[in-house]
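Worksheet: the structure to be examined is printed underneath.
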Amino acid sequence: MKYKLVVSFLLALLVAVPVVAQQDTTLADTSAAAMLPAPATMVQAKDADNDHGHAIDVTWELSADDGQGAGTVLSYEIYRSESPDGPFEQRGLVPSQKNSYTDIGSRDRESPDYFPDYIDFYYRVDAVAADSADRALSEVFGPVHSYGQWFNTGRIPVMVGVLIFAILTILFVTIAKKGRELYVRPLAGIDAVDDAIGRATEMGKPILYVLGLGTADQIATIASFTILGRVAKRVAEYHTKVIVPCYDPIVMTVAQEIVKSAYLDAGRPDEYSDDIVYFVTQSQFAYVAAVNGTMLRELPATNIYMGKFYAESLILAETGAVAGSIQISGTDEIAQIPFFIVACDYTLIGEELYAASAYLGREPVLLGSLKAQDYAKAAIIVLAIVGIVAANFGWTYFTELFQVVD
Amino acid sequence: MRRQLPLALVFIFGVFMIVQYFVPHEYSEWVYEFLLDWITIIGIFALALGIYSLTHVSMGKIRNRTPNWQYAIVTMLGLFVMIYFGFTARTGDSWGLYFVALVALTLGISSLTWGAVETQASRRKIGFAAGLGLLAVFVLVAVFDPSWKFYFYTSEGLQSAMFRNFFDYIMIPIQSTMFSLLAFFIASAAYRAFRARNILATLLLASALIVMLRFNPFLGPVGEYIAQTANWLLNVPNLAAKRAIVIGIGLGIVATALKVILGIERGYMGRG
Amino acid sequence: MKRSSYIIMAAVVVLFALSWIFKAMALDGETEHYITRAFLVTFSAFLTLAVLSFLYRDNPFYKFAEHLFVGISAAFWMCVGFWTTIVQNLIPRLSQPLSEFFEVPYIGGSFSIRFYLPVILGILLLLRLSRKVGWLSRWPLAFIVGTTAGLNFVRYLRSDFIQQISSTFVPLLGTRWEGFGHFFSHLDLSATGQLSMILANWVIFLGVFCGLIYFYFSKEHTGVFGKASRVGIWVLMFTFGASFGYTVMGRISLLVGRITFLFKDWLGLIS
């Protein structure tokens, strides 16, 4: 038995040794034959543009063996160190044919990924072949440090827009203040507001004003505030009642202030109470449930919905329609406009909501800014035509004027 | 002072945020982030005003016996019980004293408000006395009963079993049912559009139908054309109209924001 | 209320009480707190039906569900806001004793002063309740409105204005213009070909053009201008219709979800 084992062991050795030996030589042969790839050249690093710092852009010229030459380069590894002699730490990896990398880190000092500003770094890019041991090290570039910029040049188009728009608005507001009459086309939804208040007075029923689900920081809500002010003033003058259930407590606070002022302006401060404008809840559908209930129990002559609306728009508007109220709505939430159009008598579409406050007040300053908006629209049309011609003839520089880069 | 200073604040912060947009430096980012944090924090304080308003209106309904005043009691009960479970937790095994505390607190607050709301002097006294007595019971339980405490564990505070149950079995079902009512309302809205019989409503309904039928398998070969038309509608005229609306809305927002910053539009500020 | 209404209400209450008992019997052995669980499931079924009954008309059950929902949800958001914003994020930065009281880790640091300001502003907001110094509450409001107006001004100017302009720059003559000969020789009449692309680009351009004219406020909509504006509103209506049709299926699936709850979780008729 023992004898058998020894013989087979020896036999196995006889077979195995040459195989192993051969393998050894093939391995040694290939590694000797494999040329190290050519290194990446012209490594450059500089602070990344238009950012808050904590990032450095590294660029290089592709290795001669990337794609061409021996074609062995599969990736580039980007290394960084605080000293030209190392130790180097790997910061990134990009596939072949790519010759740039942004080394970016956190600005939070506590973070493990923190990337300090104003500290000198040195960069090196390794061209790496299939076997990661086969790599060509580039020259070390440095020192370079990152820092935050104080102006984002990529946003210049926006800045030009801001300036032009501000100048146009101020210009037209000044013109309007001087007393020049400005024409505005009639808006059915706006004319309906006055009629609706009259109707409510005749019927002795209240007006329900819904400010929507927006918060006080949304511009649609601010536009709605201005409309509420006008409505409340007229309501106070006519001795009609207005009900304003609110979704957001800050919106409620502002709305109370507005309605109170409106009653004061109309000379009826005694008719105001804080219960006219009240908070319901900050839950979308609980708010809807409550407003629905109010509609069916108080049977308002008119429901006015102005501001931000989401899925609840249709529930509100359909319930109001069933209750037989006249309904006027306005929102800039594109997905909800169709439901309002179908279920309400009048709907202010998108920009009309913003124009409404100017219409209702008829104050020259507010109308003046409408004119500025119209000029901006005309400018868009003109620019679009020029842009289309440019696109047809391949003049890319015109398109590039409007590119905002972050 | 009362009006000029707030308008000046609006201007200063408005202009700051505009300038901030063009400054990528981290100081600017840092200020931007904490200004947004401030808004959230102020919002929570505002919620207290909201709860005050809700309580005030509900109590007013109960006091004046306006129609449906009974339901205002339901609102108040829901409010206080939910707040109770949101701020306390049972740490022991028994529910006994935890509920005693809850009942004492709810009844105590109700009696006090009844006392405040009631017009008759003798009843007021009874209300106040009962309220204070019940609150005393609540405090006694709170101090001497180790089986529950005011819940000050943040992450678990919201997971207190009852709070969760109320959320899962009251808020969620009502919420999703309210949401599902939309299925009925969308049908009645479509019918309303169908009856309107003007060119705009017809256009709206026609394109709605085409889009709705685009995946309908029962239409056979016609379905293919409908699907194509729907795709074209969604990709071409839809894109154009959306762009026009978006540009309009953008202009409206930009103009209104500018008017607010410049103090031209100040309707939101009230007066005096 | 009429006597019959009371009878109906009593009947409904009895029915749901029975349902509770049956549900509890069904759940016995399956879950630990089976009586509570059965009550909760039955109660949420009751609330679901109460809300659905609104479709018929306003009724006491709906009123009950509505008022309960309002109270509970108002408290819910208040508690969530208090614990997540105030306790978890504000207090750890504000003061050590308060952090210990609320058992949250204190992470003060040198800049904690900046968190006192919003607290002061928040308190100023609460002063609204006072008749005398209520006007102070305008300061925090002015802060919020001003900050967000500035933010929205640049944000929308960029996304809804400047970027939208550049996206209208599409070649109306197909690809790049290289003379009539090239244009006609490359004209492709297939459904996805160049002709349909040119057509689509024209429709988009004219659609945007007419849509913008519809939103033009300071010029009378008469003559050619009026016609363009008319086309504009038609295109808008097409879009609204498409959006309407798009939403329908989503809404129906919501209803299916609720019906599944009633038949599966409550009645157990579907497994």
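The values are calculated or read from the model by the stated rules, or taken from the named source; none is laboratory data. Here the structure is a predicted model, which means the values were calculated and not measured. Positions of Cβ are backbone-derived with ideal geometry, glycine not excepted, and every protein chain shown enters the neighbour counts. In case anyone asks, the SASA skips ligands and DNA or RNA and just uses the protein heavy atoms, side chains included. Shrake-Rupley method; radii C 1.70, N 1.55, O 1.52, S 1.80 Å.
Assorted remarks:
- With the simple spin-label model, which puts each label point 7 Å out from Cα in the Cβ direction, the B:Phe144 to C:Ser130 separation comes to 4.0 nm.
- Taking amide H as placed 1.01 Å from N in the peptide plane, A:Glu61 has its amide H under 5 Å from the amide H of A:Thr41, A:Met42, A:Val43, each at least 5 places away in sequence or on another chain.
- Percent of alpha-carbon pairs separated by more than 18 Å within the stretch B:182-269: 65
- As computed over the protein assembly as shown, the Cα convex hull volume per residue (Å³): 306
- Rg/Rh for the stretch B:1-96 stands at 1.23; both radii use Cα atoms, and Rh follows the Kirkwood definition.
- Cα extents for the stretch C:168-266 along the principal axes, largest to smallest and rounded to whole angstrom: 72, 41, 19.
- Spatial separation of Cα centroids for the stretch B:177-250 and the stretch A:127-165, in angstrom: 47
- Rounded Å value of the spacing that divides the Cα centres of the stretch C:10-57 and the stretch A:206-253: 40
- Förster radius 60 Å - calculated FRET efficiency between A:Tyr118 and B:Arg123, Cβ distance, rounded to 0.05: 0.20
- In the A-C interface, the accessible area buried, summed over both sides, Å² (probe 1.4 Å): 5700
- Each residue of the stretch A:369-382 was assigned a 3J(HN,Hα) from its phi angle through the Karplus expression (A = 6.51, B = -1.76, C = 1.60, θ = phi - 60°), giving 6, 4, 4, 4, 4, 5, 5, 4, 5, 4, 4, 4, 4, 4 Hz with x at Gly and Pro.
- Computed over neighbours whose Cβ is under 11 Å from that of C:Gly134, the net charge equals +4, Lys and Arg +1, Asp and Glu -1.
- Accessible surface area normalised per residue over the stretch B:182-269 is 44 Å², counting heavy atoms of protein chains with a 1.4 Å rolling probe.
- Per-residue ³J(HN,Hα) for the stretch A:90-101, Karplus 6.51 cos²θ - 1.76 cosθ + 1.60, θ = phi - 60°, Hz, x for Gly and Pro: 6, 10, x, 8, 10, x, 4, 6, 10, 10, 8, 8
- Rounded to two decimals, the Cα-based Rg/Rh of chain A, with Kirkwood Rh, is 1.28.
- For a straight C-alpha distance cut-off of 27 angstrom, the lysines reachable from A:Lys233 (same-chain residues fewer than eight places away being disregarded) are A:Lys177, A:Lys178, A:Lys205, A:Lys241, A:Lys260, A:Lys308, A:Lys371, B:Lys61, B:Lys259, C:Lys132.
- For residues of A:213-226, the mean tally of beta carbons on other chains within 10 Å: 6
- Based on protein heavy atoms only, chain C ends up with 50 Å² per residue of surface accessible to a 1.4 Å probe.
- In a DSSP loop and with at most 14 other Cβ atoms within 10 Å, the trypsin sites (Lys or Arg not before Pro) in the stretch A:293-401 are A:Arg362.
- Most fluctuating residue given options C:Lys227, C:Lys23, C:Lys132, as computed from a GNM of chain C linking Cα atoms under 10 Å: C:Lys132
- Burial of accessible area (probe 1.4 Å, heavy atoms of protein chains only) in the stretch A:118-165, relative to its chain alone, reaches at least 10 Å² for A:Gly148, A:Gln149, A:Trp150, A:Phe151, A:Asn152, A:Arg155, A:Pro157, A:Val158, A:Met159, A:Gly161, A:Val162, A:Phe165.
- Helical runs assigned H by DSSP (4 residues or longer) give chain C a calculated mean residue ellipticity at 222 nm of -21500 deg cm²/dmol, each run adding -39500 (n - 2.57) before division by the residue total.
- Summing both sides, the accessible surface hidden between A and B at a 1.4 Å probe radius is close to 5600 Å².
- Helix B:172-196 axis, angle to chain B major axis (alpha carbon atoms, nearest 10°): 40
- Anchor C:Lys2: lysines whose Cα lies under 20 Å away (excluding residues fewer than 8 positions away in-chain): C:Lys63
- Choice from A:Ala376, A:Ala301, A:Ala130 with maximal GNM fluctuation in chain A (Cα, 10 Å cutoff): A:Ala130
- Solvent-accessible area buried by B and C, counting both chains, probe 1.4 angstrom, square angstrom: 10700
- Long-range HN-HN contacts of A:Gly212 with modeled amide H, under 5 Å: A:Met306
- At the listed q of 0.11, 0.12, 0.21 Å⁻¹, the Debye profile of the stretch C:1-149, built from one uniform point per Cα, gives log10 I(q)/I(0) equal to -0.76, -0.81, -1.31.
- Cα-centred dipole magnitude for the stretch A:253-406, charges only on beta-carbon of K, R (+1) and D, E (-1), debye, nearest 20: 280
- When shorter helices are ignored and each DSSP H run of at least 4 residues is given -39500 (n - 2.57), the per-residue value for chain A at 222 nm works out to -15500 deg cm²/dmol.
- Distant-in-sequence amide contacts of A:Ser329, defined by a placed amide H-H separation under 5 Å and a gap of 5 or more residues or a different chain, comprise A:Tyr305, A:Tyr346, A:Thr347, A:Leu348.
- Using a probe of 1.4 angstrom and keeping all protein chains present, the accessible surface of the stretch B:1-66 works out to 45 square angstrom per residue.
- Surface share of carbon and sulfur [accessible, 1.4 angstrom probe, percent] for the protein assembly as shown: 65
- Per-residue ellipticity at 222 nm computed for chain B from its helices equals -27000 deg cm²/dmol, with DSSP H segments shorter than 4 residues left out and the rest contributing -39,500 (n - 2.57).
- Computed from the alpha carbon atoms alone, the convex hull of the stretch A:41-144 holds 98 Å³ per residue.
- HN-Hα J in Hz across the stretch A:48-65 - Karplus 6.51, -1.76, 1.60, θ = phi - 60°, x for Gly and Pro: 5, 6, 6, 9, 8, x, 6, 7, 10, 8, 10, 10, 7, 8, 4, 4, 4, 9
- The Stokes-Einstein estimate for the stretch A:186-362, based on a Kirkwood radius over Cα pairs and taken at 4 °C with 1.567 mPa s viscosity, is a diffusion coefficient of 83 µm²/s.
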